[in-house]
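These notes are about the structure you will find just below.
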Amino acid sequence: MFERGLLSGAALALSASAAFAASDACSPLPGGFEFCPGDTAWAGAEVVPFTNGVAFDLPPYWLEVMEAPEEIASAPSLEAAFDALVALQADQARNEGLDAPEVLGRDAFSAGALEAVTMTTRITLPEDDPMIFVTMIAGQGDQRLFVTLDDENEDAADVEQELRRIAALFSLMGE
C-alpha cells in the first residue's frame with residue numbers, strides 16, 4: 001500500500017502513459033472532479049492512469065488522485081473522513097507488518113470552493129528510506145476528492161506547501 005503508485009492498495013494497471021501537454025486542458029478525476037493546471041508547471045506533468053485513479057509525475061513530486069475508499073466517501077464530514085483515513089492507514093500498515101505511519105501534521109483550509117483537510121505522514125518501509133506523504137481529502141457539497149502528494153526529497157514542509165498551492169487547481173467538473 002505504501003509504495004509510490006500503490007498507495008491506494010490497488011496494483012497499477014497502466015493502460016497508457018502520455019505527457020499532459022495542453023496548458024489549458026483539464027484532466028478528469030474520480031468523484032466528478034477535474035485537475036486544471038493552467039499555465040503552471042503541472043501542465044507538463046506525465047499522466048499515469050491506473051485502476052481507480054490517476055497520477056501526475058512532476059519530479060520531485062508524485063501526485064495521486066484516487067477514488068475515496070468507502071469509509072472516507074461515506075463519512076458525514078471532512079473531519080470524520082480524516083479520522084477514517086487515519087484508522088484505515090493504520091489497519092493497512094498493520095496488515096502489511098509495518099508500523100502505523102507517523103503523523104507529522106494535520107491542517108484544514110479552503111481552496112476556492114473546496115474545503116480540505118490534510119495529513120502529513122512519514123512512512124518507514126523495510127529496506128527503504130522513510131517517505132513523506134501529504135494526503136488531502138477535499139469536499140464540495142457531498143462530493144469528495146482523495147489526493148496524495150509525495151516528494152522524493154523528503155521535505156515535509158515543501159510537500160505541504162505544494163499541495164496547498166495546487167489545491168486550487170482541483171474543481172468539480174463543469175464549474
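Derivation of every value follows stated rules applied to the coordinates shown; laboratory data play no part. In this text, all values refer to a predicted model and were calculated from it rather than measured experimentally. Ideal geometry is used to build each Cβ from the backbone, glycine not excepted, and the neighbour counts take in all protein chains shown.
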Cβ charges +1 (Lys, Arg) and -1 (Asp, Glu), total dipole of region 18-172, debye:
500 debye
Find the centroid of the Cα atoms in region 159-175 and in region 58-133, then give the distance between the two in whole Å.
16 Å
Nothing charged except the Cβ atoms of Lys and Arg (+1) and of Asp and Glu (-1): what's the magnitude of the dipole of region 123-171 about its Cα centre? Round to the nearest 20 debye.
540 debye
Can you tell me which of 82-93, 101-112, 159-170 comes out highest on packing, and rank the rest after it, using the mean Cβ neighbours within 10 Å?
159-170, 82-93, 101-112
